[in-house]
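Some notes on the structure that comes next.
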Amino acid sequence: MKNVFKVLGVIALVAVIGFGFVGCGGGDDGGGDNNNNNNNTTVAVTGVTLAPKTLSLTVGGATGTLYPTVAPDNATNKTVTWTSSNPAVATVANGVVTPLTAGNTTITATAGSFSDTCAVTVNPPATPTTNVSISLEALYGGGTDNTHMVLIYLSLPSGAKWTLPEEGEDRDITDAQALAAVKSWVTITSGTTPAITGWDFSAWYEDDSKIGLSYYRRSGTGVSRSSVTAKIDTTKLSEMKSKTNVTDTLTASPGTATESWSNF
């Protein structure tokens, strides 16, 4: 019986020692796994592309934005640096391009050892313009007096004003020099006989932004009529501007009006 207890004791001791070794072994294995998980591999940049490839901006206008794409997507360092070949024309910061002066520049985006470019054109600012328009009426009256009248109107947009000298409640333009200038601003073509340009001429204010020009003929003799065309003489636009409060460039679009004769 004593021998049996001795055998059991030896078995128990071996079991304890065995468990001890297994525990130690488990600890060593776990430590080895942790070391393998400490992976500091660097993923290098393989390229960068920039969009758009061209950009057109205007001095004093809106900025433009460029969008870089760095490859691969999981690159460790995806930092992009920006440069402008002509910073006097346009500058760039974080992809935002600011136009400064008219000209051309190249924006470069660099990531790692790779780069891509965008060609930028900066246009001069648009010239502000104010338009003068023309309209007309060609009228004739029946009866024996053969009254004929061509009414032409030169209109500026709201807020703009003519500054020609005027007289009386009817706001007539009677100054000889001003009257001659106004008459020269418009050319008239038609098959009317006798020629309209030889008829009596007058001018007046319809309102601050609209002046009227009248060619008038009253004669017992008949008039041969065809449609009338009145055209602003664009070589006189600078002179016309000097008779307004307009500071922009004065334009005429459309600068021609055509009308058939109608009875009044």
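Computed from the coordinates by the stated procedures, all read-outs in this text should not be read as laboratory data. In this text, all values refer to a predicted model and were calculated from it rather than measured experimentally. Every residue, glycine among them, receives a Cβ derived from its backbone with ideal geometry; neighbour counts consider all protein chains shown.
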Original post:
When the Cα centres of region 193-243 and region 49-115 are compared, how far apart do they sit, in Å?
Top reply: 57 Å
**OP:** Give me Lys53, Lys231 ranked fewest to most by other Cβ atoms within 10 Å of their Cβ, as a rough exposure proxy.
**Re:** Lys53, Lys231
Subject >> Ranking of Ser184, Ser190, Ser238 by count of other Cβ atoms within 10 Å, fewest first >> reply: Ser238, Ser184, Ser190
